[in-house]
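Visitor: One structure follows; several queries about it will come next.
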Amino acid sequence: MWNYFLVWGWMIEKGVFGIVSHKGVVKGDWYFQVVNLLMIVFLVLLFCSILKIKSSIFRIILIIFIFYIGFVFFYVNYHSYLLAVKNNIEYERYLAIQGRYLFPVIGPFTVLMAFSFLHWFRNIYIKILIILLMGFFFVYNDFVTIYKNYKSWVFDTSASIMLGKDNVVVLSNIGDTSPAELFSLKYEEELIGGIAIYASTYGKNIEGGYRVNVYWSNCSSPLESVDIKQISDNKFFYVKFNQTLEPRNVYCFTVEKTSDKDIITLPFNAEVIRDHKKIIYNILDLKSLKLLDE
Amino acid sequence: MNSLYNIAVQPDKDYHVGVARVYKKNPWKIFFWKANDVKIECDDPVKYNPPVSTSPFLYHSIVGKIWFVTRSLRITSLIQTIFGLLTVFYIFRLAQLLTDDKWVHIFALVIITNIPMFTYMINYLSYDNLVNLAATASIYYLASFIKFRNVNDFLSSVSFVLVGLLTKIAFGPLAVLIFVILFFAFWGKKHYKFKWVNVVSLWVLIVIFGLFYARNYFNYKTLLPKINLSIERDCK
């Protein structure tokens with residue numbers, strides 16, 4: 001359950017502090033690292049507040065907040081996850097985990113967060129400094145980011161959703177990285193080869209210039225990075241791992257553009273899934289890669 | 001930024017617009033008593049699931065009536081922003097209830113107005129906006145009732161809970177919790193000074209709530225029946 005909770009928390013965070021929808025806005029991993037830090041600090045401060053604050057209003061707001069989060073986690077999402085595991089339906093394991101489903105308690109969350117960060121300080125200037133710093137972070141990553149990126153948003157960049165449903169990502173500049181995508185391996189197979197990922201190259205055969213970064217399920221602890229040898233148009237390209245990944249685990253990957261090569265698109269969308277059943281496969285070797293394209 | 005409107009598409013937009021359109025064509029109906037009164041066009045490609053007549057209707061009913069008056073979906077969509085702004089207002093008021101520190105109030109405003117998914121969501125048609133408003137308002141009035149013991153806050157909290165339940169059944173667990181807290185908070189209070197507008201609006205909501213869910217239960221033996229969707233189509 002702990003692993004599931006970490007994945008759930010990550011996806012909720014992306015769904016609250018990112019935009020998870022039919023299309024979304026790409027944000028760098030550094031943004032979510034800062035958000036992770038803020039959430040950890042918030043939870044610690046909240047816990048300290050629980051021990052100190054005797055206000056009935058505080059406790060009522062806190063009870064409502066914790067109850068609803070707990071209900072959604074245990075009764076809705078974790079229950080669905082266990083059913084999907086039991087029925088061996090991989091795609092449904094992380095279904096319906098959306099940050100907006102927690103928005104009925106967005107009021108308590110906001111008030112508790114503001115209260116937890118500020119009420120420890122009597123000095124007005126410290127409070128103003130906290131508001132300015134965090135306010136700048138939030139404003140920059142909401143309004144300013146959308147304003148800067150909405151044109152590319154029109155042309156099919158998006159935030160990531162578990163297993164790539166309805167995502168289309170374009171990597172055009174050096175350093176562009178696809179949003180972290182969670183994937184899991186079939187439980188009955190032990191991975192000894194690698195994974196195959198679907199990509200489009202607008203008719204080009206691209207050799208090198210891209211790298212696949214694999215992480216643990218938190219999408220921040222690195223596992224390994226593999227340079228991609230060749231990417232062909234509308235085909236799966238092969239990523240051979242140096243170490244064996246274990247089945248039944250959830251991992252995370254990004255695709256990164258490392259040199260000034262042609263553009264690729266990672267069309268992780270429903271149409272590709274419909275045509276190819278998946279957008280990534282765990283495969284044994286290059287021979288089985290050819291089977292995917294037949 | 002104008003183009004942002006066209007590309008900020010949520011996955012279930014077609015459903016919400018479709019149901020709102022049904023209510024736009026029937027502006028005098030609060031909700032459909034009979035499934036075959038809905039009369040969706042036979043070749044309408046949208047899948048109206050959950051059914052229009054048996055699922056919570058309040059949001060689509062309101063949007064449909066506004067759309068009937070304004071004749072423009074874009075102008076009608078501004079209702080989302082109104083719901084969103086009211087949600088922000090109640091969060092501000094909740095912060096004021098919790099503490100007198102004005103910096104906490106300001107900080108709460110800064111946070112909520114810059115949570116990306118929230119600011120994005122209040123710009124598209126979805127019943128989530130009304131549910132979020134109902135939840136935030138009912139929590140605010142609950143807290144206000146506990147603090148000031150004004151029975152009008154109690155009535156307002158109950159009213160907003162009913163609004164939430166008439167909008168989306170997923171509001172149910174939160175509604176139960178709020179009702180439980182209200183019950184214990186109200187227990188033992190003997191003197192009531194209430195405003196008639198609160199009482200009348202609450203009774204209207206209770207009647208509509210009772211009619212809607214009682215009809216579902218007595219006709220279909222469940223609060224949210226899954227009926228044959230073709231009954232709501234007008235296929236001759």
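The values are calculated or read from the model by the stated rules, or taken from the named source; none is laboratory data. These numbers come from a predicted model, not from an experiment. Glycine also receives a Cβ, built like all others from the backbone with ideal geometry; neighbour counts cover every protein chain displayed. Accessible surface is based on the protein model in full, side chains and every heavy atom, while ligands, DNA and RNA are left aside. Shrake-Rupley method; radii C 1.70, N 1.55, O 1.52, S 1.80 Å.
Visitor: Picking from B:T87, B:T81, which residue would you name as being at pLDDT 95 or above and under 16 Å from B:L125 (Cα atoms)? Even if it seems obvious, please write down each step before you answer.
Guide: Numbers: B:T81 fails: at pLDDT 95 or above.
Criteria check complete, one pass: B:T87.
Visitor: For a quick check of your reading of the model, give me the residue pairs whose first member lies in region B:107-123 and is more than 7 Å from chain A (Cβ to nearest Cβ) and in contact (Cβ under 8 Å) with a residue 60 or more places away in the chain, whose second is in a helix (DSSP H, G or I) and not polar (S, T, N, Q), with beta-carbon atoms closer than 8 Å and at least 6 apart or on different chains.
Guide: B:N123/B:Y5; B:N123/B:G84
Visitor: Name the residue, out of B:V131, B:V197, B:V180, B:V207, that is under 30 Å from A:H119 (Cβ atoms), surrounded by fewer than 17 Cβ atoms within 10 Å (Cβ to Cβ) and among the β-branched types (V, I, T).
Guide: Working: B:V131 fails: surrounded by fewer than 17 Cβ atoms within 10 Å (Cβ to Cβ); B:V197 fails: under 30 Å from A:H119 (Cβ atoms); B:V207 fails: under 30 Å from A:H119 (Cβ atoms).
Unique residue meeting the criteria: B:V180.
Visitor: Can you tell me which residues in region B:141-159 are more than 7 Å from chain A (Cβ to nearest Cβ), of a type outside the set (A, V, I, L, M, F, W, C) and open to solvent by 10 Å² or more (accessible area, probe 1.4 Å)?
Guide: If the condition is that a residue be more than 7 Å from chain A (Cβ to nearest Cβ), of a type outside the set (A, V, I, L, M, F, W, C) and open to solvent by 10 Å² or more (accessible area, probe 1.4 Å), then B:Y141, B:R149, B:N150, B:N152, B:D153, B:S156, B:S159 are the ones that fit.
Visitor: For A:I131, are the conditions met, namely being within 14 Å of chain B (Cβ to nearest Cβ) and either exposed (fewer than 15 other Cβ atoms within 10 Å of the Cβ) or at pLDDT 80 or above (or both)? Steps first, please.
Guide: Values: within 14 Å of chain B (Cβ to nearest Cβ): yes; either exposed (fewer than 15 other Cβ atoms within 10 Å of the Cβ) or at pLDDT 80 or above (or both): yes.
Criteria met by A:I131.
Visitor: From the list B:I75, B:I62, B:I82, which residue is open to solvent by less than 80 Å² (accessible area, probe 1.4 Å), among the hydrophobic types (A, V, I, L, M, F, W, C) and under 30 Å from A:I146 (Cβ atoms)? Step through it out loud before you land on a result.
Guide: Working: B:I75 fails: open to solvent by less than 80 Å² (accessible area, probe 1.4 Å); B:I82 fails: open to solvent by less than 80 Å² (accessible area, probe 1.4 Å).
From the options B:I75, B:I62, B:I82, the qualifying one is B:I62.
Visitor: Would you please list the contacts, defined by Cβ atoms under 7 Å and residues six or more apart or on different chains, that run from a residue in region B:41-54 that is exposed (fewer than 14 other Cβ atoms within 10 Å of the Cβ) to a residue that is part of a loop (DSSP other than H, G, I, E, B)?
Guide: Here the result reads B:C42/B:C235, each pair linking region B:41-54 to a residue that is part of a loop (DSSP other than H, G, I, E, B).
Visitor: Can you tell me which residues in region A:95-123 are surrounded by fewer than 20 Cβ atoms within 10 Å (Cβ to Cβ) and within 7 Å of another protein chain (Cβ to nearest Cβ)?
Guide: The answer is A:H119, and nothing else.
Visitor: I'd like to know if region B:61-72 contains one or more residues that are in contact with a strand residue (DSSP E or B) (Cβ under 9 Å, 6 or more places away or on another chain) and away from chain A (no Cβ under 14 Å). So that I can check it myself, show each step before the final result.
Guide: Keep residues of region B:61-72 that are in contact with a strand residue (DSSP E or B) (Cβ under 9 Å, 6 or more places away or on another chain), which gives none.
No: region B:61-72 contains no residue that is in contact with a strand residue (DSSP E or B) (Cβ under 9 Å, 6 or more places away or on another chain) and away from chain A (no Cβ under 14 Å).
Visitor: At pLDDT below 90 and over 23 Å from B:F92 (Cβ atoms): is that true of B:Y192 in this structure? Please lay out each step first, then the result.
Guide: Values: at pLDDT below 90: yes; over 23 Å from B:F92 (Cβ atoms): yes.
Criteria met by B:Y192.
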